[in-house]
Structure formats: C-alpha cells, structure tokens
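*Asks:* The structure follows.
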Amino acid sequence: MGRLGLSVVMCVFLDFVGNTCLADFVADYVAEVTADNPTSWWRFEDASSAGGAIAADSAGVFDGTYSGDTQLLKGIVGQSAWFDGNLDYVAIGAMGTLPAQGSIELWLLADAVQNYRNVFTTGPLGELATGNAAIRFEEHATGNFWLAIGDDNGGMPNFTTPLTTNLMAGKWYHVVVTWDTVLGVVNGYLNGVRVIADEPNTFWPAQLSDVKIGIGWAPWAERSWLGRADEVAIYEHKLSHERVQAHFDVVNLIFADSFESGGAPGGD
Ligand SMILES: [Ca+2]
Ligand SMILES: [Ca+2]
C-alpha cells in the first residue's frame with residue numbers, strides 16, 4: 001500500500017472515531033466550487049428523489065425535479081443521482097440566454113458504456129428537429145465520450161474531439177467544458193487535464209432552453225444515462241485550467257490511488 005493509500009485508510013479511521021477528515025474533504029470541495037461563483041449547482045444531497053421531489057440548486061434559483069425513478073446513491077462528493085438507463089432524469093428547464101462565456105462541470109460514472117447515452121443536455125428532447133439545439137455530453141460503445149454543440153435549427157456538424165476515447169464503466173470522471181461564443185472556441189477537461197484545446201465552434205444554441213441531467217437529444221431509453229452524476233455546476237464565465245485543476249485536486253487528494261488506473265473509485 002502506497003503512502004496515499006495509507007492516508008485514505010487513516011482518513012476513514014479518523015472519520016470513524018469522530019474526526020472530521022471526510023467532512024473536511026467535502027467542505028474543501030464546496031469551498032473550491034463556491035470560490036468560482038457558480039450560477040447553479042445541483043449536488044444531490046437532497047433527502048429524497050421520490051415522487052417528483054426537488055433537486056435543490058445549491059447556488060441559485062433553478063431547482064430541478066427528480067423524474068422517472070431516479071435514485072440517490074453514494075457519489076464522489078456525498079450523494080449522487082443514479083439513473084437506470086430508462087428515462088430517468090433531473091428536469092431543470094429553461095435557464096435563459098446562453099452566456100457568451102460559460103462552463104459546465106460534472107462528475108459522472110457509467111454503469112456500462114453503450115451507444116448514444118447522454119448524461120446532460122441544455123436543450124430539448126426533440127430528436128433531429130431540435131435535439132441538437134444544445135450543449136450535450138454523449139457516450140458511444142467505442143469508449144468515445146464527447147460533446148455535441150448545435151444551433152437552434154438542429155445543426156450540429158460533428159462531435160468535438162473526444163474528452164476520452166476510452167471511457168470505462170464503474171469509474172468516476174471529472175468533466176468540464178468551457179465555451180466562448182465571441183472567440184468561437186470550446187475547451188474541455190477530463191480529470192483536470194485539458195483534452196480539448198481552443199477547438200473552433202460556430203454552432204451555438206441561443207438559449208439554455210431545457211436543461212436536463214441524465215438524458216439528452218430524444219426521449220428514448222437509449223438516450224438515457226445508465227449510471228451516476230454528481231456535483232453538476234453551471235458558470236457564466238470560463239473556468240481557467242487552474243481552477244478546474246483545483247476542483248479536481250480536492251478529490252484526487254483523497255482518491256489518487258484509484259485515479260492512477262484511469263478514474264476515481266467505483267460506486268458502492
Ligand atoms: Ca453530491
Ligand atoms: Ca427508469
């Protein structure tokens with residue numbers, strides 16, 4: 001067992017005897033995200049997801065609603081939302097005009113890596129007509145996990161450069177996308193590493209028209225996320241690489257041994 005592994009054991013032990021080690025980790029993560037002033041932040045620390053319960057926006061006014069049979073399970077920071085791959089999602093709704101610059105951050109875990117599952121969208125479930133009028137995250141069975149950004153007419157020329165070509169089931173990943181409609185570029189980060197670097201983009205949705213966590217593009221089972229999402233945040237500015245790294249590092253400090261094999265720990 002390496003030094004970091006030992007520190008995790010000590011952390012759990014200290015937590016067991018009443019020390020605040022794990023609580024400190026959560027507080028540290030909250031502090032790092034709060035320092036960047038998110039517009040909205042869905043943490044899934046809610047008491048229940050049953051019967052259309054509220055998914056609280058910890059930073060703003062856009063509380064969501066748990067839909068389908070979305071469950072609350074162990075997350076990367078506290079609880080996460082778990083989606084069964086069959087029309088579960090958290091409905092946020094309209095959030096207004098797409099900011100000229102912004103960021104979307106989330107942690108995800110796929111139970112299986114399969115075609116077309118979307119973990120997040122800013123737009124409608126409109127299939128070819130309007131399903132692309134969004135910023136979306138989609139996985140394919142090849143292991144590709146990438147962004148689709150389209151305009152209000154449903155135009156979406158290509159997926160971005162993949163955030164990873166080897167998405168693995170049962171691993172947590174930290175994902176951040178930043179956009180700049182003035183410069184016409186997208187940046188993407190996976191586990192703190194910038195993997196999409198100033199990629200040109202000219203297709204943008206005008207609105208954050210129908211934000212949802214756990215589904216995208218179409219109201220179909222195959223477009224539904226199978227796995228977890230946690231700590232989903234939207235910012236009306238671009239997170240710098242340094243700030244993305246700072247958010248990731250809080251978790252990496254605790255779970256570094258597991259990240260070395262390609263991702264953070266699996267679920268419970
Ligand atoms: Ca959480
Ligand atoms: Ca379901």
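*Asks:* Quick one: is Gln79 closer than 20 Å to Lys171 by Cβ and touching a helix residue (DSSP H, G or I) at 6+ places or on another chain (Cβ under 9 Å)?
*Replies:* So Gln79 does not fit the description; no.
*Asks:* Any residue that is on the phi > 0 side of the Ramachandran plot and at pLDDT 95 or above - is there at least one of those in segment 117-133?
*Replies:* no
*Asks:* So, one more: Any idea which residue in segment 48-58 is surrounded by the most Cβ atoms within 10 Å (Cβ to Cβ), counting only those that are assigned to a loop (DSSP other than H, G, I, E, B) and within 13 Å of ligand 1 (Cβ to nearest atom)?
*Replies:* Restricting to residues being assigned to a loop (DSSP other than H, G, I, E, B) and within 13 Å of ligand 1 (Cβ to nearest atom), the top hit is Ser49.
*Asks:* Here's a follow-up. Output the residues belonging to segment 205-235 that are assigned to a loop (DSSP other than H, G, I, E, B) and crowded, with 17+ Cβ neighbours inside 10 Å.
*Replies:* Pro205, Ser209, Asp210, Gly214, Gly216, Trp217, Ala218, Trp225
*Asks:* For segment 94-111, does any single residue satisfy the condition of being part of a strand (DSSP E or B) and either over 25 Å from His237 (Cβ atoms) or within 16 Å of ligand 2 (Cβ to nearest atom) (or both)?
*Replies:* yes
*Asks:* I've got another one for you. For Trp179, all conditions in the list (1) part of a loop (DSSP other than H, G, I, E, B); (2) in contact with a Lys or Arg (Cβ under 8 Å, 6 or more places away or on another chain) hold save one; what is the number of the exception?
*Replies:* Condition not satisfied by Trp179: (1).
*Asks:* Going by the structure shown, is Leu22 hydrophobic (A, V, I, L, M, F, W, C), over 16 Å from Gly214 (Cα atoms) and either within 13 Å of ligand 1 (Cβ to nearest atom) or not in a loop (DSSP other than H, G, I, E, B) (or both)?
*Replies:* yes
*Asks:* Yes or no: segment 45-57 includes at least one residue that is closer than 21 Å to Leu239 by Cα and of a type in the set (A, V, I, L, M).
*Replies:* Scanning segment 45-57, I find no residue that is closer than 21 Å to Leu239 by Cα and of a type in the set (A, V, I, L, M), so the answer is no.
*Asks:* Which condition number does Met168 fail, the rest of (1) crowded, with 24+ Cβ neighbours inside 10 Å; (2) within 20 Å of Trp82 (Cα to Cα); (3) in contact (Cβ under 8 Å) with a residue 40 or more places away in the chain; (4) not basic (Lys, Arg) being met?
*Replies:* The number of the failed condition is (1).
*Asks:* Quick one: Gly93 ticks every box in (1) touching a Pro at 6+ places or on another chain (Cβ under 7 Å); (2) surrounded by fewer than 17 Cβ atoms within 10 Å (Cβ to Cβ) bar one, so which box is it?
*Replies:* (1)
*Asks:* For residues that are within 13 Å of ligand 1 (Cβ to nearest atom) and part of a loop (DSSP other than H, G, I, E, B), scanning just segment 60-88, find the one that is surrounded by the fewest Cβ atoms within 10 Å (Cβ to Cβ).
*Replies:* Gly78
*Asks:* I'd like the residue in segment 65-85 that is within 9 Å of ligand 2 (Cβ to nearest atom) and either hydrophobic (A, V, I, L, M, F, W, C) or out of contact with any Gly (no Cβ under 9 Å at 6 or more places or on another chain) (or both) and, out of all such residues, is farthest from Asp249 (Cα to Cα).
*Replies:* Result: Asp69.
*Asks:* For Asn144, state whether it is touching a residue at least 60 places away in the same chain (Cβ under 8 Å), surrounded by fewer than 22 Cβ atoms within 10 Å (Cβ to Cβ) and over 21 Å from Ser40 (Cβ atoms).
*Replies:* Judged against the criteria, Asn144 is not a match.
*Asks:* While we're on this one: State all residues of segment 229-268 that are modelled with pLDDT of 95 or more and of a type in the set (Val, Ile, Thr); if no residue qualifies, say none.
*Replies:* Listed by number, the residues that qualify are Val232, Ile234, Val244.
The values are calculated or read from the model by the stated rules, or taken from the named source; none is laboratory data. Since we're looking at a predicted model, the values are computed, not measured. Cβ coordinates were reconstructed from backbone atoms using ideal geometry, including for glycine residues, and neighbour counts include every protein chain displayed.
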